[in-house]
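Since every read-out is calculated from the coordinates, none of them should be taken as a lab result. Keep in mind that this is a model prediction, so the values were computed, not measured. Note: ideal-geometry Cβ built from the backbone for every residue, glycine included; neighbour counts use all protein chains shown.
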Amino acid sequence: MPAKRRRDATPARGDGRPPTAAPVPSPASPVGDVKPQPKVRRIPARPAGAGQPLPRRPAAPVSTAAPAGSTPQAGVRISKLMAERGLCSRRNADDYISRGWVFVDGHRVSELGTRADPNAEITLDRLGQADQQSRLTILLHKPIGYVSGQPEPGCTPAVSLIQPENQVCSPDTPLFHPTCLRGLAPAGRLDIDSTGLLVLTQDGRLARHLIGAESQVDKEYLVRVQGQLDARGLALLNHGLSLDDRKLKPARVEWLNDDQLRFVLREGRKRQIRRMCELVGLRVIGLKRVRIGALRLGDLPLGQWRFLRPDERF
């Protein structure tokens, strides 16, 4: 009798593949309580160094940021470079930088304190250039009794004389306006007991040109003295004196008459001429500044002032 073919309890699948085996119940659980096993999520092994924070991507440059080689940490302050090159004063430079009027190597800079390479190209845009050109300079014939700089107790500043009633006008000069006093500062000393030409300006470049440490602009004075001066004393006045343990720059000093000397200096220490004369036994009884660079006091009346003309240069 032929053997009977064993029939599987599970019918074959229609696609021809072998049937899937039924889950085998755990001995601890009855067949009716078989629970599906949770799926386990397999995580691939991480390479060495995994778990470390990724490097932060550098921020994109901002258009107003300083260029490479012009950073707050390296080089020289841009405002200092601008003043040294005669572009403007350091105060004006800070103002122009904050307004975004300054370019370093073609890049606009607007952050105060930014530094640059000493050889970097620094330029002003048209607004900064226009502001510089609009700055006023005034020539005043200062009388005795006025101080040129910050007023001391009981003293009157020379700038108080810059009023419309004291202006010497010509057909082609502007008239006084209160804005003329804004930022006006003396470019050089002229003490309370001295008279003569005093320059007041809004232009920091001009002030540096006239009184900066490297200035080569002559200042001429007429000095009336008392006392005796021999040839050796005159030679010392020209070259050989020191004040405050610092050697003075060479001067040009000569007699004009029996009691009057002519001084030409290229520096302006505090009460310099009076102290120089004291060192050689002279007493100053009158001092008047008559020239600064190429500009003379001329016939400007005492206590009056005028604007520097566009064609005038020191």
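Numbers for the structure displayed
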quantity	calculated
Extension gain, ILE285 back to GLU111 (0.36 nm per residue minus Cα-Cα distance, nm)	57.4 nm
Per-residue Cβ neighbour rank within 10 angstrom, fewest leading, HIS209, HIS239	HIS239, HIS209
Rounded FRET efficiency, nearest 0.05, which uses the C-beta distance separating LEU175 from GLU278 and R0 of 51 Å	0.70
Cα centroid separation - the stretch 179-235 against the stretch 115-131, whole Å	30
FRET efficiency for ASN166 and LYS249, using Cβ-Cβ distance with R0 set to 45 Å, rounded to 0.05	0.85
Rounded to whole Hz, the Karplus (6.51, -1.76, 1.60) HN-Hα couplings of the stretch 258-265, x for glycine and proline	4, 10, 10, 10, 10, 10, 10, 10
Normalised contact order of the stretch 157-299, rounded percent, pairs of Cα under 8 Å and 6 or more residues apart	28
The stretch 96-216: relative contact order in percent, alpha carbon pairs under 8 Å with at least 6 residues between	24
Cβ-based exposure ranking for SER79, SER170, in which fewest neighbours within 10 Å come first	SER170, SER79
Likely footprinting exposure, GLU220, GLU214, fewest C-beta neighbours within 10 Å first	GLU214, GLU220
In order through the stretch 198-205: 3J(HN,Hα) via Karplus (6.51 cos²θ - 1.76 cosθ + 1.60), integer Hz, x for Gly, Pro	10, 9, 10, 9, 9, 9, x, 4
